[in-house]
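Student: Quick one: the structure is below, questions incoming.
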Amino acid sequence: LAQALAGAALECLSWPSNTGKMTEENGGTERAEEDADVEIELEEEEEQEEEEQQGDDEIAEEETADAVAAEDEEPAEPPEPEGDAAPVSAGERIKHDVALNAMDATQDVFFSSEGVLSAVSGGAFRHLLSGVRANTSAKKGRYLFEVQILEQLPQAQLELRVGFSVFGSSLFLGTGSVDSIGFGSDGTYFIAEPAQLSTLHRPSACKPFIGPGVVGILLNLDESSTAANTMSIFLDGVRAGRPQPIPSHLVGKALCPTINFRGLSLRVNFGRDDVQLCPLPFRCSLFSQMAWAHHELTPRIEGAEVCELILPIGLPGAGVFDYVERFKEEHPDAAELSDRRFVEWCVSSGLKPKADGGKSSSLDMPALSFGRKELDDRSWHSLMLTLAATNGRRCVAAAVGANLLQSERVKLLKSFPTKFKKVAVVLMGEPSASHKDWVRKTVESRAEAAKALRERKERLAEAAGVALEEEESDPAVQMSETGELCLLPRRASDGPDMSNAQISRLYLKFTLPTEDEGFDEIRYVWQEKAKAHEHLRKWILEKKSSNLVEGLTPGKWFLGKMAAWRAARMKLRKGHLDYKSGQGQGKDASDAIDVAGAADIHNADGHGTPLYAGFLYQDWLLLSWRYELHLLVHAFAMDVNDEDIPGISEQHLGHYFTVYYGNPFQPKEKLGVSNVKELLSLLKEPMEFIDHKNGQRILHSKLDKEATLEDFVKSVEVYRRDRKRRLEAGDESASLSFIPTPNRPPAKSVPAKAAPGKRPDAGPVQPKSLPTRSAPAGSQPRSAVPAKAAPVAKGPVTKAAPAKAAPAKATQHQQGLSGQPPPAKAAPRTIAKTKPVEALKRPLSGPKDAPNPPSKHPRIAKVRPATREQF
């Protein structure tokens, strides 16, 4: 039509030129007819286009409506992968009831015969997951159990985990154990593989199921099924997610229903009396309808006819926790009562410690730092004992320090009723042959398993192209005196059985149990009774000589001696200063005095000359160290008053020195010696080390405890004269190397106030010098050595140590007995340097009026001396 119209239009436009001139009448008539035809055709074309547009709009509306309807409709559910299972005949079924096992649950769990399950929800237990396993496992077939939420506790952290685990493995699902699988209430599928390089948990594997309703957990181990070796979950009979695969290493193993919960009360249905709470889309047997050939009954752990409370009693590091592991392996019903087990429970519940326990943490008393008062203050102890006493299970109290204390043993026994048989198992001395054999087999099996796991992990890492992180090295194996393996190796991160602080505080109170404490039986399993008591006695004696005495304080004798020593020290200082002030520049006459015959050390020659007139700084220090170590040794023996503690051992000298004198033990800073052995070599008298029979080196004084101070002054004077004689003879080894090191506050910066390079008392300045060392007696003073000084810059100045070294004589008579030289009267301030320049050599000293030698360098201004208060 468009082409016809276009052709007609062209004919109309070209017609006058083709026909020539026409008459006005004929031309007008024909043109009018032609125009009418064109208008009719155009109107028809417009109508057709409108009809086509209307049709297109209708089609678009229909398509939009179809799309919206498609969005509103739910997607078609995939076909159910599970089919109907043939029912198990009554003759082929198991004969016992499938139920929750009270002997395979956490201490806080309670449940009825009808399957109602709950737990303690107050105090510390509201933060913990509760766990329980059934008494029957499935190794073949397809079976279901159901869990219904009855109650949700207000203001509680609600959580539910359901799944399956291998008997003897961890009760908690989702903690990385390779022996369990399960679903979390948030929809996560918990799965783990041996030597996995990263977590394999699958989030959003199913719909969340924390709300009300019935949760069905299906285990499919039927090889003929299309969904064999999978686990599925159903909410109110409707599948909540696709079947999840069971790890290959669990295929063929017997898997037991396992439940973890927090803040909930539940009903658990295994199909007792063929009751099913909510039917599934297909027929399936419940656990109580299981075929006999498909089941595996959990090893009987219904508990002993008479409940037992076992207290293993042994020394730290002697295998107590090894015995506990062996006992639990032989008695699966045993519940361990210990702080370390509670910490593991907290970690399995998703709690993380806020800080590392440090040196104070141990297996016996681990640090609790979870940031929750109810957990960290150990207030849960009493409730834990109450729960253990009511559950009727065999309990083993795994504690080292508490089990060795009579008061703690009596307190524990009173927490359990008379129906419990209370047994003490004494583990003293070298382990028995049977225990060593168990340790050897355990170590070998663990080593083989660790080797296989490491090799598998290396293969997986190589295949994945990733580098393995460096792991903690295998723990060292500890051998007995006979060369046999007697203890399980432990890693350094496991910590000791007891911390050193715990041992030091408690070891003197350690005892072995007696029947009077309330025990029904005392078993000596490693050594007989007499040898066990002797072993403990020897161990305590050894600890007495090697451990610090806790709570030790100075006694009256020491305090009296110290008061007398302070008074005598002041008198010695005054006598020394008075003699030097009156002597002036005269010759020292103290060397001529007979030391042994001196009746009064303050007036040795009858003319006012003290015996200590020639003492130098070093001599006063020697006197102080000799006398104070002498007092320390005798005061310690009197205050401890224990014949089993021979004295102060070499490694504990610093600790007891601080306890008695309140100052740190610093022989290196004070005397320049690096260890105690060098200290005694320097002091000469009267201290020495003697070897004790326990292998310790004990500090000993050759003088009686009532030796007078005069005896010490005389011995130091004899030592001084001997050093002087040797130095005069040319023996440089007699010179003492230590120098005074005064403790002064750091210098403070003060701004300059004078014009650049000038001060009110401008004059030549002596260059800064090192601290003065007192020259040994009899030695010649050294000549002044020109010092190097540099021009100084303008700007702030700092107060520093005295710049001018005092003459030797002044230093000798001004130094006191405190071990420090007297403070300087005025500390000149040095000017800060900005950059190193050519050194300027000036003499150390000279007459004030002497002209300065010519120099191309600028003149150095003398700094203003500081006042004593500023210093």
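Student: Can you tell me the length gained on complete extension of the stretch THR390 to LYS411, counting 0.36 nm per residue apart and subtracting the Cα distance?
Tutor: Values: separation 21, 0.36 × 21 = 7.56 nm, distance 1.71 nm.
Between THR390 and LYS411, full extension yields an extra 5.9 nm.
Student: Between segment 428-472 and segment 621-681, how many Å separate their Cα centres?
Tutor: 48 Å
Student: How high is the relative contact order of segment 208-358, in percent, counting Cα pairs under 8 Å that sit 6 or more residues apart?
Tutor: Details: 103 pairs, mean separation 18.0, N = 151.
Across segment 208-358, relative contact order equals 12 percent.
Student: Which shape class, rounded, prolate or oblate, goes with segment 181-312 when its Cα gyration tensor gives a ≥ b ≥ c as root eigenvalues, a/c under 1.5 marks rounded, and past that a/b bigger than b/c marks prolate? Intermediate results must be reported in sequence, preceding the final value.
Tutor: Values: a/c = 1.38, a/b = 1.23, b/c = 1.12.
Because its axes are fairly even, with a/c under 1.5, segment 181-312 counts as rounded.
Student: Cα-based count: Lys pairs in segment 499-585 below 16 Å, eight or more positions apart or different chains?
Tutor: Working: LYS509/LYS538; LYS509/LYS543; LYS509/LYS544; LYS529/LYS538; LYS561/LYS571; LYS571/LYS580.
Step by step, the pairs that qualify in segment 499-585 add up to 6.
Student: Quick check: at a probe of 1.4 Å, how many percent of the accessible area of segment 134-245 sits on carbon and sulfur atoms? Intermediate values should be presented prior to the final figure.
Tutor: On the way: 2240 of 4400 Å².
Here it works out to 51 percent.
Student: Checking the a/c ratio against 1.5 first, then a/b against b/c, what shape does the Cα gyration tensor give for segment 249-343? It would help to have the intermediate numbers written out before the result.
Tutor: Values: a/c = 2.62, a/b = 2.22, b/c = 1.18.
Prolate, because a/c is 1.5 or more and a/b exceeds b/c.
Student: To the nearest 10 square angstrom, what accessible area does TYR524 show with a 1.4 Å probe?
Tutor: In the full protein context, TYR524 sits at about 60 Å².
Student: Further question on the same structure: Under 18 Å from a point placed 7 Å out from the Cα of GLN157 along the Cα-to-Cβ direction: which residues of segment 373-398 have their backbone N that close?
Tutor: The answer is 373-380, whose backbone nitrogens lie closer than 18 Å to the label point.
Student: With a ≥ b ≥ c taken as the square roots of the eigenvalues of the C-alpha gyration tensor of segment 337-436, please select rounded if a/c is under 1.5 and otherwise prolate if a/b is larger than b/c or oblate if it is not?
Tutor: Numbers: a/c = 1.97, a/b = 1.32, b/c = 1.49.
The shape class here is oblate.
Student: Taking the Cα centre of segment 133-191 as origin, sum charge times position over the Cβ atoms of Lys and Arg (+1) and Asp and Glu (-1), and report the length of that vector in debye to the nearest 20. Mind showing how you got there, number by number?
Tutor: Numbers: 5 positive and 5 negative charges, 78 e Å.
The calculated dipole for segment 133-191 is roughly 380 debye.
Student: Top to bottom by accessible area (1.4 Å), largest first, where do HIS607, HIS634 land? Walk me through the numbers before you get to the answer.
Tutor: On the way: HIS607 160, HIS634 40 Å².
Heavy-atom accessible area, descending, gives HIS607, HIS634.
Student: Still on this structure: May I ask which residue of ALA464, GLY401, TRP438 lies farthest towards the positive end of the charge dipole of segment 348-502, with charges of +1 (Lys, Arg) and -1 (Asp, Glu) on Cβ and the Cα centre as origin?
Tutor: So the residue furthest toward the plus end is GLY401.
Student: Length gain on complete extension for the stretch MET570 to TRP557, per 0.36 nm per residue less the alpha carbon to alpha carbon distance? Each step should come with its number before you reach the end.
Tutor: Working: separation 13, 0.36 × 13 = 4.68 nm, distance 2.05 nm.
Stretched fully, the MET570-TRP557 segment lengthens by 2.6 nm.
Student: Further question on the same structure: Quickly work out the LYS352-to-ARG456 label distance, labels modelled 7 Å from Cα along the C-beta direction, and quote it in nm with one decimal.
Tutor: 2.7 nm
Student: With label points built 7 Å along Cα→Cβ from the Cα atoms of ASP594 and THR658, find their separation and express it in nm.
Tutor: 4.9 nm
Student: Multiplying the sequence separation of LEU150 and LEU468 by 0.36 nm and subtracting their Cα-Cα distance, what value in nm do you get? Kindly include the intermediate steps, with their values, before the conclusion.
Tutor: Working: separation 318, 0.36 × 318 = 114.48 nm, distance 4.67 nm.
Additional length available on full extension: 109.8 nm.
Student: Follow-up question, since we're still on this one. Using the basic label-point model (7 angstrom from Cα toward the beta carbon), what is the ASP494 to ALA291 distance in nanometres?
Tutor: Label at ASP494, label at ALA291, 4.5 nm between them.
The values are calculated or read from the model by the stated rules, or taken from the named source; none is laboratory data. Note that the structure is a prediction, hence the values are computed from the model and not measured. Don't worry about glycine lacking a Cβ; one is built from the backbone with ideal geometry, like all the others, and counts go over all protein chains shown. Surface accessibility is based on the protein's heavy atoms, side chains included, excluding ligands, DNA and RNA. Shrake-Rupley method; radii C 1.70, N 1.55, O 1.52, S 1.80 Å.
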